[in-house]
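Please read the structure below before turning to the comments.
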Amino acid sequence: PTLAVVATIPVGMAFDSNTWSGTFPYGIAIRGSKAYVFCAAYGDGNDEHVKILDVNPASPTFNTKIGGIILSGVYTRGAFRPGSNELIVPRGQAGNNYTATPEVAFFDTSDDSVALTLPIQQAPGGFHGLEDLAVTPNGRYAYTPFFNFDSGQAEVFVIDLAERRLQDVIRLETGDISTHGVGMRPDGLLVGVTSWNVGRASFVFTPTNTVVYEFETGKNPNELAFSPDG
């Protein structure tokens, strides 16, 4: 209502330019009285890289960090699975290993525990990671695009959240190896993904997992969101 900053909440180590160390808050998801902050952390001395904040105005600990989930790695932008207590987040550098196969981490927010980690197969080429994730409204599937620093094929991974397995791999024909953002249309029929290097957005029809159209966005599109009416 006022567009005013009401709180600034520390979540970890400040950036150290000498060592490139720090706790880098990368994404956030809010449900009920809690906010979950996903951190792409390096050299901050611990593996609590999902921070939990109290966002209940009636609570005595309102606007403070009240806990965290300990699991090594780098976390980006996650999403809640509708109809459940699960929070699904892309995870890189498992075991603090830079070349580790990327994963999708499942957290149970009823007790803020680790439920499962699911490795995602390497794309052809060098190291790759997952930067964003969107879940269908029925809670059945997650879509997560990959980015790559070296070479490979532009891909979007489709994960069956009920079966806990990789369901499909959608290959884009953009020629870009760095696909960053993903957005789910509210009806779940369309997923948009952004290709950073070539400045394009691609849209996938989810019943068939096929690309139905693309358009130019301009330089370096990072994230994508749909209006509430789709």
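The values are calculated or read from the model by the stated rules, or taken from the named source; none is laboratory data. None of the values given here were measured: they were computed from a predicted structure. Reconstructed Cβ throughout: ideal geometry from the backbone, glycine too, with neighbour counts over all protein chains shown. Each accessible area value is taken on the protein alone, full model and side chains, heavy atoms only, with ligands, DNA and RNA left out. Shrake-Rupley method; radii C 1.70, N 1.55, O 1.52, S 1.80 Å.
Among 67-75, 15-23, 167-175, 85-93, the peptide with the highest mean count of other Cβ atoms within 10 Å heads the list, and the full ranking is 85-93, 67-75, 167-175, 15-23. Within the same chain, lysines fewer than 8 places from Lys34 are excluded, and of the rest, those with a Cα less than 22 Å from its Cα are Lys51, Lys65. Heavy-atom accessible surface of the range 30-184, averaged per residue, reaches 39 Å², computed with a 1.4 Å probe. When the solvent-accessible area of the range 161-230 is split by element, carbon and sulfur atoms take up 50 percent of it, the probe being 1.4 Å.
Given a 1.4 Å probe and every protein chain left where it sits, what share in percent of the accessible area of the range 1-119 is carbon and sulfur?
Numbers: 3450 of 6060 Å².
Answer for the range 1-119 is 57 percent, counting heavy atoms of protein chains only.
Protection proxy ranking of 43-54, 131-142, 202-213, by the mean of other Cβ atoms within 10 Å over each peptide's residues and highest first, is 131-142, 43-54, 202-213. Taking a spot 7 Å from the Cα of Ala7 along the direction of its beta carbon, which residues of the range 25-63 have an amide N less than 14 Å from it? 30-37, 52-63, by backbone N distance to the label point.
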